[in-house]
1. Let me know the shape class of segment 48-122, please: from the alpha-carbon gyration tensor, a ≥ b ≥ c as square roots of the eigenvalues, rounded when a/c is under 1.5, otherwise prolate if a/b is greater than b/c, or oblate.
2. So between Glu60 and Ser18, what do we pick up on full extension, going 0.36 nm a residue minus the alpha carbon distance?
3. Could you work out which residue, out of Ser37, Ser108, Ser25, moves most in a Gaussian network model of the chain, that is, has the largest mean-square fluctuation with Cα springs under 10 Å?
4. With a 1.4 Å probe and every protein chain left in place, work out the accessible area per residue of segment 128-173 in Å², rounded to a whole number.
5. Can you tell me the accessible area per residue over segment 18-93, all protein chains present, probe 1.4 angstrom, in square angstrom?
6. Quick one: among Val120, Val14, Val54, which has the greatest mean-square fluctuation in a GNM of the chain with alpha-carbon springs under 10 angstrom?
7. Picking from Val73, Asn85, Thr49, whose Cα lies most toward the positive end of the charge dipole for segment 45-99 (charges on Cβ: Lys, Arg +1; Asp, Glu -1)?
8. Calculate what fraction, in whole %, of the accessible area of the chain sits on carbon and sulfur atoms when a 1.4 Å probe is rolled over the protein chains.
Amino acid sequence: MEGKMKKKVFQLLVENTSGVLNRISGLFARRGYNIESITAGTTADPRVTRITVVAMGDDEILDQIEKQLGKLVDVCDIRELKPENSVYRELALIKIKVGPRDRSEISSLADVFGADIIDVSKEGLIVEMTGKQSKIDAFLELLDEYEILELARTGIAGLRRGTDDIVYPKIDW
């Protein structure tokens, strides 16, 4: 009997080397695990990249993912970012087909959600929004009556709250 499907957010600190993202995604592909989202960017130390991976599975699969990621040579640190002690954010760019008459309604909606209209053309506009995934999902739901021409979502980036338990990887180059 399969266990209950859950979502886990993993934060990895990895050596900023060529192919590191490929090795991480390759591990998921070889094992048949699914990545819901993955984001990566350098940290304050340009030798270190912070990668946030969101994965789905039962407890056994999620534990296995954490163990397998931890075994990769490039991984300096791995930890779960639990919702109760972490901050998650996502960026979305939404291109909406909209004529001049509906622009003010979209603009008002964007204001309510703290989003910005970053581009306007004759037949459409682009909205930029950051926030929790649920906030972006709610905004998109309200846009159901409009035609979304293109949508780009980054997936989540996250950090643990507070200043305790910060990891500074030791990289000897």
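The values are calculated or read from the model by the stated rules, or taken from the named source; none is laboratory data. Here the structure is a predicted model, which is why all the values come from computation and not from measurement. Virtual Cβ from ideal backbone geometry, glycine too; neighbours counted across all protein chains shown. These area figures cover heavy atoms from the full protein model, side chains too; ligands, DNA and RNA do not enter into them. Shrake-Rupley method; radii C 1.70, N 1.55, O 1.52, S 1.80 Å.
1. Working: a/c = 3.32, a/b = 2.94, b/c = 1.13.
Verdict is prolate for segment 48-122.
2. Values: separation 42, 0.36 × 42 = 15.12 nm, distance 3.06 nm.
Gain on stretching Glu60 to Ser18: 12.1 nm.
3. Ser108
4. Working: 3390 Å² over 46 residues.
Result: 74 Å² of accessible area for each residue.
5. Heavy-atom SASA per residue in segment 18-93 reads 53 Å².
6. Top of the fluctuation ranking is Val120.
7. Highest projection toward the positive end goes to Thr49.
8. On the way: 5230 of 10620 Å².
Carbon plus sulfur share of accessible area: 49 percent.
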